[in-house]
Amino acid sequence: MHPEFPQEGIIHLNHAAVGPWPRRTEEAVCQFARDNVVHGSRDYLQWLKRIDATRELARILIGATSAEDIAFVKNTSEALSMVAFGLDWQPGDNVVFPAHEFPSNRVVWLAAAERFGIEAREIDIGEEPERDLLAACDGRTRLVATSAVRYDSGMRIDVQALGAELRSRSVLFCVDAIQHLGALPFDAPGCHADFVMADGHKWMLAPEGIGVFYVNPESRERLTLQEYGWNMLAHAGDFSNLGIRPASNARRFEPGSPNMLGIHALHASLSLLLEVGLENIDHEIREHWLHLEEGLRAQDCRILTPRARRAGIITFRPPVEDLDALYARLQARGVLCAQRGGGIRFAPHFYLTREQIEQALEALGEAIRETRAIPVR
């Protein structure tokens, strides 16, 4: 058992939904709470330094050039909304995004289309999603938005190839990286992304309620601010200054008091990921993925995730009719997973052992046999 993850009675294969905290994150949260109880705000200046340190860790995770390109947000949806309702859309503009995206990366574009009178192009994608998305673009395409990794099938989009072509066409690029960050290395400048966002509570192993938002400095002032407050001002902290000029960096997207507790937790979780190394994490997840694939095929499961486009998710269709019953049996055995994309979704992180993967496959085999033995009503 990994020392940072002393889990009991479970095999956590649900990191694409809500991941567990490592031990150091628990300790960071408890220590921060204790400091508040005992010392109040005495160490607030130290807390501000922790914000800066966490911003730097997030910069490394996203591959940004500068920590000034990183803002902290409540969640992915908030950052997507800042983009969707911050751009100066013009009549005749359109936004292109894949069909069947997670709702957060769908409803914002439909709502923007309704508010600004633009066209929302929801595109069915196939084995070459980059080609399909580019084919839907024309001279009035203002922005293309996509997940870096599909939440249902686990298919990874080649954001570098897609971003390079969009940059050559002067089309903005928005990447929902919630199923990517923490599982694989990411290079925001390399994929020519204008906007990248992700919650911390999945592969980053942090709590819900804290996320990261990367904004390319070239695109920063393209977004009209929708929220104002003391913290996003250029002179934050100088409360007698009556000006309203926003900060020149990504802090302009942080209007009010920071989620200090969430930032302390995120700092601890990211410190573990970067300590292990993103390349090492990618390698371990790949080994788990391939082992699961082999074991699933041996149980006559149909793999729905393309191997050539794998990330951390492996979605499969087991050989049973009653998927709900099978899912319930897996959960009852402590194999934490999800029903997505017409199948069962496993999402293993780096710290799991080969033995745990084997135990999960054994539990699946038992659940399949039990589910087959009960007639479907």
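The values are calculated or read from the model by the stated rules, or taken from the named source; none is laboratory data. Computed from a predicted structure; not experimentally measured. All Cβ positions, glycine included, derive from the backbone under ideal geometry; neighbour counts span all protein chains shown. Ligands, DNA and RNA are excluded from the accessible area calculation, which covers all protein heavy atoms including side chains. Shrake-Rupley method; radii C 1.70, N 1.55, O 1.52, S 1.80 Å.
The condition (being among the acidic types (Asp, Glu), within 29 Å of Asn249 (Cβ to Cβ), open to solvent by less than 50 Å² (accessible area, probe 1.4 Å) and at pLDDT 95 or above) is satisfied by just one residue among Asp93, Asp52: Asp93. Of all the listed residues (Asp199, Asp187), the sole one being surrounded by fewer than 18 Cβ atoms within 10 Å (Cβ to Cβ), at pLDDT 95 or above and under 21 Å from Leu274 (Cα atoms) is Asp187. The residues of the stretch 5-55 that are without any contact (Cβ under 8 Å) to a residue 40 or more places away in the chain and closer than 22 Å to Ile178 by Cβ amount to a single one, Arg55. Note on the stretch 149-170: residues that are touching a Lys or Arg at 6+ places or on another chain (Cβ under 7 Å) and open to solvent by less than 10 Å² (accessible area, probe 1.4 Å) total 2. Of the numbered conditions (1) over 18 Å from Leu57 (Cα atoms); (2) assigned to a loop (DSSP other than H, G, I, E, B); (3) among the acidic types (Asp, Glu), Glu165 satisfies every one except a single condition; which is it? Here Glu165 clears every test but (2).
Taking the criterion of being assigned to a strand (DSSP E or B) and either open to solvent by 60 Å² or more (accessible area, probe 1.4 Å) or in contact with a Pro (Cβ under 6 Å, 6 or more places away or on another chain) (or both), the only residue of the stretch 124-148 that qualifies is Thr146.
Listed by position, the strands (runs of 3 or more DSSP E) inside the stretch 271-359 whose residues that are open to solvent by 10 Å² or more (accessible area, probe 1.4 Å) number at least 1 are 314-317, 338-340.
When the stretch 74-97 is filtered for residues that are aromatic (Phe, Trp, Tyr) and in a loop (DSSP other than H, G, I, E, B), the ones remaining, listed by number, are Phe85, Trp89. Scan the stretch 315-374 for residues that are of a type in the set (A, V, I, L, M, F, W, C) and in contact with a Ser or Thr (Cβ under 6 Å, 6 or more places away or on another chain) and the total you get is 3.
The residue that is farthest from Ala188 (Cα to Cα), among those in the stretch 138-159 that are more than 14 Å from the chain's Cα centre (by Cα) and of a type in the set (S, T, N, Q), is Ser153. The residues of the stretch 316-341 that are closer than 14 Å to Ser153 by Cα and touching a residue at least 60 places away in the same chain (Cβ under 8 Å), listed by number, are Cys337, Ala338, Arg340, Gly341.
Scanning the stretch 221-268 for residues that are in a helix (DSSP H, G or I) and either free of Cβ contacts under 8 Å to residues at least 60 places away in the same chain or loosely packed, with under 12 Cβ neighbours inside 10 Å (or both) turns up Glu221, Trp230, Asn231, Met232. The residues of the stretch 57-73 that are farther than 25 Å from Phe5 by Cβ, assigned to a helix (DSSP H, G or I) and either open to solvent by 30 Å² or more (accessible area, probe 1.4 Å) or without any contact (Cβ under 8 Å) to a residue 12 or more places away in the chain (or both), listed by number, are Arg59, Glu68.
In the stretch 108-130, the residues that are at pLDDT below 95 form Cβ pairs under 9 Å with partners that are among the basic types (Lys, Arg), at six or more places apart or across chains, as follows: Glu127/Arg309. Check the stretch 22-38 and report whether any residue there is open to solvent by 20 Å² or more (accessible area, probe 1.4 Å), assigned to a helix (DSSP H, G or I), over 22 Å from Gly209 (Cβ atoms) and at pLDDT 95 or above. There is at least one residue in the stretch 22-38 that is open to solvent by 20 Å² or more (accessible area, probe 1.4 Å), assigned to a helix (DSSP H, G or I), over 22 Å from Gly209 (Cβ atoms) and at pLDDT 95 or above.
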